[in-house]
1. Arranged by the count of other C-beta atoms within 10 angstrom, fewest first, what order do E258, E330 take?
2. What lysines sit close enough to K79 to cross-link, taking a C-alpha to C-alpha distance under 16 Å and skipping anything fewer than 8 places away on the same chain?
3. What nm value, rounded to one decimal, do you get for the distance between D282 and E528 when each label is placed 7 Å out toward the C-beta?
4. Can you give me the C-alpha center-to-center distance between region 383-418 and region 44-113, rounded to a whole angstrom?
5. Once R0 is set to 30 Å, what does the formula 1/(1 + (r/R0)^6) return for the Cβ-Cβ distance between D19 and R219, expressed as a FRET efficiency to the nearest 0.05?
6. One quarter of the convex hull surface, Cα atoms only: what value does that give for region 60-111 in nm²?
7. Rounded to whole Hz and in sequence order, give me ³J(HN,Hα) for region 208-217 from the Karplus expression 6.51 cos²θ - 1.76 cosθ + 1.60, θ = phi - 60°, writing x for Gly and Pro.
8. For region 317-372, report the translational diffusion coefficient in µm²/s to the nearest whole number, using Stokes-Einstein at 4 °C, 1.567 mPa s, and a Kirkwood Rh over Cα pairs.
Amino acid sequence: MAFPVAVNHVIDTLLPGKDFGLIITAAVALLFFYILNTFMQYVVTYFGHMLGLNIETDMRRDLFSHLQKQPFGFYDNQKTGKLMSRMTTDLFEIGEVAHHGPEDIFISIMSLLGAFFLMLNINVKLAVSTFILVPILTVLIVYFNKRMTKVTTKIFKDLGNFNAGVENAISGVRVVQAFANEPHEKGRFAVLNQAYRKSKLMFYKVMGVSFSFNYFLMRLISLFALLFGAYFTINGEISYGEFVGFILLTNVFIRPIEKINNVIESYPKGFAGFKRFLEVMDTEPAIQDEKNAKPAGDFRCDIEYKQVSFEYNDGKKVLNHINLSIKAGETVAFVGPSGAGKTTICNLLPRFYDVSAGEITIDGENIKQFTLPSLRAQIGVVQQDVFLFSGTVRENIAYGKLDASDEEIERVVKLAHLSKVVAEMPDGLDTIIGERGVKLSGGQKQRLAIARMFLKNPPILILDEATSALDTETEQVIQASLEELAEGRTTLIIAHRLATIKHADRIIVVNETGIAETGTHDELLAREEGAYKRLYDAQFNTLQ
């Protein structure tokens, strides 16, 4: 804003006086302002972006922490690609607005007020005549901003679907190629790609109309300044210097409006991203610590299910008034048809899901009275669908005890009968196993998961088809190791292969009606018309 005032002063005062020394002094003063502004530009650019990045980083930390608290039920209805989009694209746009928004608006308002004040000093009527279009500009800015926010929300939704589709296709590429369905996946991708493209085009269309109107109105402001300024100059109401200075001030006056246009482009993205951020953050974890929850002490491991019922959010009932007692140190196996609720019974114990009715107690205390970390720290789960992290064999085993020593890891490798497998690997325990352990066979994955559980060494074990991916010879070896691990512990085994649970202290047959039978292998096999006998005969092809 100093430059138009200086030009005004030079034309009206210094040039008629032909004092070049004062002109140099004015130029040096302007140079000082430019040097100061250069430094301030660095401050705004670097520290401003640092502010936005810090906000983005903190929000990403909070979002990740919140997602970690969500139970299994939350992820049952989510797509990984959509959650990744919220962790990356959405938060980046919020960070950009957090920095540029306040900065640009502050600078724009100060520049507008400053320029208008200087214009009033030159001529009030001329300043008001020029300013008359600004309210119209403001109304247009607000209108188009709302439209672009709505469109941007759809863009982020389509981007989430796009990312989810890509993540699905890439992670399942082996299935795609096995079925030679590459053309089908290309078609699905094309649909997602075009949907995202259409959303973006809609945004650019609204933005194009907005920018075009704003451009035209800003040029009108310049034209008004030129037209009215010339009129007032001809009539002698302002000098030539004031006329030139006023035209230059008009350009200063317009520049903040252009800056506000940039805010208009980024603000809808940031605001839409923030709304999506709040959607997740406002989703309270369905399973969390009770107000008076306490850390669990060392369990004796007497478990009791009292009138336990469970149904999913969609209303599908899986368990209905189940009663079950498991003594400390007992090994209990659950068998029955798929979907009967065997896995659900076990998942309720570490509170991966919460009971819909009834209660589960350990050592006589409701499990909801314990803090989740202390409860789950004493329950080990080896799941049928083994998940391994991208990294080394050592890192995946050590996940069972993050501060484990090399000696402890080598010990559990032997217990899980992984020693020969590790010895044949190029880098031993430091061999990279690929995403989800893709470089390992199914049996090797499961043995690694068992080694991880040996390392955790919990008092309560849940084995969900823990040996299902092993060959018969390896299964027998691992079965012996699992029996050794289960000794003195309370163990819940989910099994389809009945040969693996003959050793169980008690076998519970679960079907659609609930618990159908309970007893030892020999007791249940002796019941000619029993549910277990039918399962056993069907599996071993002895059914007449």
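Every number here is computed from the coordinates shown, using simple stated rules; none is lab data. Just so it is clear, the model here is predicted, and its values are computed rather than measured. Counting neighbours? That spans all protein chains shown, and the Cβs are built from the backbone with ideal geometry, glycine included.
1. Sorted ascending by nearby Cβ count, the order is E258, E330.
2. Within the straight-line cut-off, K79 pairs with K157.
3. For D282 paired with E528, the spin-label model returns 6.5 nm.
4. 36 Å
5. For D19 and R219, the calculated efficiency is 0.20.
6. Over all viewing directions, region 60-111 projects a mean Cα-hull area of 4.3 nm².
7. With the stated coefficients, region 208-217 comes to x, 5, 4, 5, 5, 4, 5, 4, 4, 5 Hz.
8. 103 µm²/s
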